[in-house]
Amino acid sequence: MSDNTQTTPNHIPNPTPETTPNPPHNESLLAELHALGAQLEAVARAFLNSNQAHQIQQDLQKGVGDVVERLQALRNNEKIVEVGEKGKQLVEKAMENPSVTEAHTKVVSGLANINEELRKLAASLTENRHQGE
């Protein structure tokens, strides 16, 4: 839908019985879907403006701040730094093993193939959506 026009039940042409069975059902379905959309929008707006939403936002900000503080403290902890260095050394040593290197290459290649297929699927779905408008 590239244009900004909306179709409402009042603007649906009166189809002939041969082309659309039960046109009143289609109109009532569209009217109910339109009403549902309007109600969902009203509920979302009311929630976003509610005290609960503001409290959730404040709680999330405080929680994220606490996590950042703890991560920074861990980052400066000598034992954590030492464990991180040992982990890097183990990965480097493991990558010297041809079997590990081959497995790593296959995993990376497999992920690249999956990503390429997902890109193709997304492009196809986008193209189909644009053709349907």
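The values are calculated or read from the model by the stated rules, or taken from the named source; none is laboratory data. On a predicted model such as this, the values are computed, not experimentally measured, just so you know.
The table below lists the values:
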item: Test result for Glu27, of a type outside the set (A, V, I, L, M) and either modelled with pLDDT of 90 or more or outside any helix (DSSP H, G or I) (or both); result: no
item: Selection count, region 59-89, where residues are assigned to a helix (DSSP H, G or I) and among the polar types (S, T, N, Q); result: 3
